[in-house]
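The values are calculated or read from the model by the stated rules, or taken from the named source; none is laboratory data. Keep in mind that this is a model prediction, so the values were computed, not measured. Because the Cβ atoms are built from the backbone with ideal geometry, glycine has one as well, and the counts that use them run over all protein chains shown.
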Amino acid sequence: MKTYYRIRITRSFKSIFIFLACAFGLNSNAQQSHLDTLISVKKLVYIEGIIPASATHGYESKAILWQSAIADAKHYYEAKYSNIDVKAKLAVIDSAKWTFDVPYGYTFANEGWIVLPADVDFNAFVRIYGASAFKDELLSEAKTKGIKPDEILESFFAFVCVHELGHLIIAQMMKDGFSDILFNELAANVVAYEYFKNNKPDLLRGYNLFYNAVINNYNPHFKTLNELYENYGKMSVANYVWYHSNLMKLVEEIYNYKEVDFLTCLKKVSMESKDKNLKIRDVAVLLDNDYKGLITTWLSKNNW
Ligand SMILES: [Zn+2]
């Protein structure tokens, strides 16, 4: 592990959260040009495709794998809904000379770019996402299920690729959608989950194991939705990952409720609602006309 890498990871938790908070709608031109500069300075290898990719030399195979996951999911959603034509580009960047204003290891969608880290091995993965304290439990659970450690992060990043594409799809479909950060994280997760369940369910195994391990083993300092909003940018990364992992249980329920198509329902309520600044609970109330109380019940059951 490069020293520089470690410095960047511990540098500023605040910027992590601000970034995560903005991941859905980062529009700053300064950040965009910074990303373009970083990509050109690093002399990445260009890989053609439906999703053009730029990758650090040595990580082309990862880029090709993620490229095809994104292209496949794009194809699935373009076939499912009319008027979707998401233009996405993938950047798979190593940690050396990382100058973008977010610690290395975080993934994001920004102005059509989906940015993923190149050199994250299993140990770095566990450290970045706060699973160090229960690494042994994670590994023993993986062994029980016949899942190799590398499959956990491969599955995680495959999910994350499509999650980031999900943000771009939602932004295109909803044009004037809800701004709430947590709601958008939920929605992007639903998009990714549906794609994998319907097309490549085996690829979900590792991520499923990971988020259940987080739920079962991580002891969160902050637990409620109000605490999340109040402490955004202040709580630990691990605590944030715990919120995201719990959200996955709601994602499973939404997916399993087959009477409603999530994005169609979301589009309908977002067109009907004048207030685009509604928080997740209020959006849930609107969705629940069709979901028959499923989402609001889940949120209150979890004190969210
Ligand atoms: Zn996201």
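Just one of (1) within 16 Å of the ligand (Cβ to nearest atom); (2) closer than 30 Å to ASP136 by Cβ; (3) of a type in the set (S, T, N, Q) trips up ASN239, so point out which.
Unmet for ASN239, out of (1) within 16 Å of the ligand (Cβ to nearest atom); (2) closer than 30 Å to ASP136 by Cβ; (3) of a type in the set (S, T, N, Q): (1).
Residue under question is LYS279, and the condition is that it be farther than 28 Å from ILE70 by Cβ and among the charged types (D, E, K, R); does it hold? First the steps, then the outcome.
Working: farther than 28 Å from ILE70 by Cβ: yes; among the charged types (D, E, K, R): yes.
Here the answer is yes, as LYS279 does meet what is asked.
How many residues are out of contact with any Lys or Arg (no Cβ under 8 Å at 6 or more places or on another chain) and either part of a loop (DSSP other than H, G, I, E, B) or basic (Lys, Arg) (or both) when one looks only at segment 145-196?
Total satisfying the criteria: 3.
Does segment 217-224 include one or more residues that are farther than 20 Å from ALA133 by Cβ and buried (at least 16 other Cβ atoms within 10 Å of the Cβ)?
For segment 217-224, residues farther than 20 Å from ALA133 by Cβ and buried (at least 16 other Cβ atoms within 10 Å of the Cβ): absent.
Would you mind finding the one in VAL214, VAL162, VAL120, VAL115 that is closer than 18 Å to PHE262 by Cβ, in contact (Cβ under 8 Å) with a residue 12 or more places away in the chain and among the hydrophobic types (A, V, I, L, M, F, W, C)?
Values: VAL214 fails: closer than 18 Å to PHE262 by Cβ; VAL120 fails: closer than 18 Å to PHE262 by Cβ; VAL115 fails: closer than 18 Å to PHE262 by Cβ.
Only one candidate qualifies: VAL162.
Working carefully through the options ALA171, ALA133, find the one that is within 16 Å of the ligand (Cβ to nearest atom) and either without any contact (Cβ under 8 Å) to a residue 60 or more places away in the chain or at negative phi (or both). Quick ask: steps written out before the conclusion?
On the way: ALA133 fails: within 16 Å of the ligand (Cβ to nearest atom).
Going through ALA171, ALA133 in turn, just one is within 16 Å of the ligand (Cβ to nearest atom) and either without any contact (Cβ under 8 Å) to a residue 60 or more places away in the chain or at negative phi (or both): ALA171.
Any residue in segment 266-278 that is more than 27 Å from TYR76 (Cβ to Cβ) and crowded, with 17+ Cβ neighbours inside 10 Å?
Yes, that holds for at least one residue.
For segment 34-56, how many residues are out of contact with any helix residue (DSSP H, G or I) (no Cβ under 7 Å at 6 or more places or on another chain) and of a type in the set (A, V, I, L, M, F, W, C)?
5
I'm told ASP176 meets every condition in (1) within 15 Å of the ligand (Cβ to nearest atom); (2) within 23 Å of VAL260 (Cα to Cα); (3) of a type in the set (Asp, Glu) except one. Can you identify the failing condition by its number?
Of the numbered conditions (1) within 15 Å of the ligand (Cβ to nearest atom); (2) within 23 Å of VAL260 (Cα to Cα); (3) of a type in the set (Asp, Glu), the odd one out for ASP176 is (1).
For segment 66-85, which residues satisfy the criterion of being more than 17 Å from the chain's Cα centre (by Cα) and of a type in the set (A, V, I, L, M, F, W, C)?
If the condition is that a residue be more than 17 Å from the chain's Cα centre (by Cα) and of a type in the set (A, V, I, L, M, F, W, C), then ALA79, ILE84 are the ones that fit.
Considering only segment 231-249, I want to know if a residue exists there that is among the β-branched types (Val, Ile, Thr), within 20 Å of the chain's Cα centre (by Cα), under 22 Å from PHE108 (Cα atoms) and at pLDDT 95 or above. I'd like the intermediate steps shown before the answer.
Taking segment 231-249 first, the residues among the β-branched types (Val, Ile, Thr) are 237, 241.
From what is left, the residues that are within 20 Å of the chain's Cα centre (by Cα) are 237, 241.
With the extra rule that they be under 22 Å from PHE108 (Cα atoms), the set shrinks to 237, 241.
From the residues that got through so far, the ones that are at pLDDT 95 or above too are none.
No.
I'd like to check something: does segment 105-124 contain any residue that is under 23 Å from LEU209 (Cβ atoms), among the charged types (D, E, K, R) and away from the ligand (no atom under 16 Å from the Cβ)?
Yes: segment 105-124 contains one or more residues that are under 23 Å from LEU209 (Cβ atoms), among the charged types (D, E, K, R) and away from the ligand (no atom under 16 Å from the Cβ).
Which of the residues belonging to segment 140-168 are hydrophobic (A, V, I, L, M, F, W, C) and within 16 Å of the ligand (Cβ to nearest atom)?
PHE156, PHE157, ALA158, PHE159, VAL160, CYS161, VAL162, LEU165, LEU168
Inspect segment 203-210 for any residue being more than 22 Å from ASN256 (Cα to Cα) and not β-branched (Val, Ile, Thr) and give the result as yes or no. Quick ask: steps written out before the conclusion?
Filtering segment 203-210 for residues more than 22 Å from ASN256 (Cα to Cα) gives none.
Checked segment 203-210: no residue is more than 22 Å from ASN256 (Cα to Cα) and not β-branched (Val, Ile, Thr).
Report the residue count in segment 180-197 for those that are surrounded by fewer than 23 Cβ atoms within 10 Å (Cβ to Cβ), within 12 Å of the ligand (Cβ to nearest atom) and more than 15 Å from LEU299 (Cβ to Cβ).
The number of residues fulfilling the criteria is 2.
Just one of the numbered conditions (1) at pLDDT 95 or above; (2) in contact with a Phe, Trp or Tyr (Cβ under 8 Å, 6 or more places away or on another chain); (3) closer than 15 Å to HIS163 by Cβ is not true of TYR257; which one?
Failed condition: (3).
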